[in-house]
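Could you have a look at this structure, given as structure tokens, before my questions?
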Amino acid sequence: MIPEIDFLKKVYIFQDLDDNEIEAVAGVLTPLFFKSDQVILKEGDEGGTMYIIATGVAQISKTLTMKFGQDDYRETEKTMTNLKAEDASVFGEMALITENERSASVTAVSDCTRYGISREDFLKLAESNPGLGFKVMLRLAELISQRLKTTDEDVVRLTTALSIALSQ
């Protein structure tokens, strides 16, 4: 099952690719199906594949340590965002650059289909077609930069709120 070319053209990191390049990417994508509430990725697991949501909704969450009493500290999951198929959302994109641990967990909110591209397959594709590789890596760098900027803004807001709370 190969995703539709029109669908892949909506994916941010593929938007600069021509039809032949999109078809080359489609040829290395692997479809995977998940039921509602099924864990897709687990925070801390080794990463090696980037995913694109084709149908359904997935939830990104992070593990936080919360204080519930004087000596009662527990880990809990905090929802960071929901990714929807109609937004042609990608996740696990850092895996195309490095095989570091996953920085968050992803769970299917509804039955969903996702397409995966492994780092190894992407690097082979980029090596055989350097123009495609450059276009995708540039878009990938832009996407990661946007996400880093948002994270920086969130840290400033949280630090400010903590500072205000502690000063009262």
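If you go through segment 100-133, how many residues are under 22 Å from SER61 (Cβ atoms) and free of Cβ contacts under 8 Å to residues at least 60 places away in the same chain?
Counting residues in segment 100-133 that are under 22 Å from SER61 (Cβ atoms) and free of Cβ contacts under 8 Å to residues at least 60 places away in the same chain gives 2.
So which residues in segment 114-128 are of a type outside the set (D, E, K, R), more than 14 Å from the chain's Cα centre (by Cα) and either in a strand (DSSP E or B) or surrounded by fewer than 19 Cβ atoms within 10 Å (Cβ to Cβ) (or both), if there are any at all?
LEU123, LEU125, ALA126, SER128 - these are the residues of segment 114-128 that are of a type outside the set (D, E, K, R), more than 14 Å from the chain's Cα centre (by Cα) and either in a strand (DSSP E or B) or surrounded by fewer than 19 Cβ atoms within 10 Å (Cβ to Cβ) (or both).
Which residues, taken from segment 22-35, are open to solvent by less than 50 Å² (accessible area, probe 1.4 Å) and touching a residue at least 40 places away in the same chain (Cβ under 8 Å)?
If the condition is that a residue be open to solvent by less than 50 Å² (accessible area, probe 1.4 Å) and touching a residue at least 40 places away in the same chain (Cβ under 8 Å), then ALA24, VAL25, VAL28, LEU29, PRO31, PHE34 are the ones that fit.
Let me ask you something else. What is the residue count in segment 129-142 for residues that are farther than 30 Å from LYS78 by Cβ and open to solvent by less than 40 Å² (accessible area, probe 1.4 Å)?
The total comes to 4.
Still on this structure, I have one more. Can you name every residue in segment 31-48 that is assigned to a loop (DSSP other than H, G, I, E, B) and under 19 Å from ASP87 (Cβ atoms)?
SER36
Go through segment 49-99 and give me each residue that's out of contact with any Leu (no Cβ under 9 Å at 6 or more places or on another chain), assigned to a loop (DSSP other than H, G, I, E, B) and either among the hydroxyl-bearing types (Ser, Thr, Tyr) or in contact (Cβ under 8 Å) with a residue 60 or more places away in the chain (or both).
Once the filter is applied, which keeps residues that are out of contact with any Leu (no Cβ under 9 Å at 6 or more places or on another chain), assigned to a loop (DSSP other than H, G, I, E, B) and either among the hydroxyl-bearing types (Ser, Thr, Tyr) or in contact (Cβ under 8 Å) with a residue 60 or more places away in the chain (or both), segment 49-99 yields only THR98.
Residues of segment 48-84 being surrounded by 13 or more Cβ atoms within 10 Å (Cβ to Cβ), touching an Asp or Glu at 6+ places or on another chain (Cβ under 6 Å) and on the phi < 0 side of the Ramachandran plot, which ones?
GLY48, MET50, SER61, THR63 - these are the residues of segment 48-84 that are surrounded by 13 or more Cβ atoms within 10 Å (Cβ to Cβ), touching an Asp or Glu at 6+ places or on another chain (Cβ under 6 Å) and on the phi < 0 side of the Ramachandran plot.
Out of curiosity, is ILE13 part of a helix (DSSP H, G or I), on the phi < 0 side of the Ramachandran plot, within 14 Å of the chain's Cα centre (by Cα) and surrounded by 14 or more Cβ atoms within 10 Å (Cβ to Cβ)?
Here the answer is yes, as ILE13 does meet what is asked.
The values are calculated or read from the model by the stated rules, or taken from the named source; none is laboratory data. Since this is a predicted model, take the numbers as computed values, not measurements. Because the Cβ atoms are built from the backbone with ideal geometry, glycine has one as well, and the counts that use them run over all protein chains shown. The protein model used for the area step is the full one, side chains on, heavy atoms only, and it has no ligands, DNA or RNA in it. Shrake-Rupley method; radii C 1.70, N 1.55, O 1.52, S 1.80 Å.
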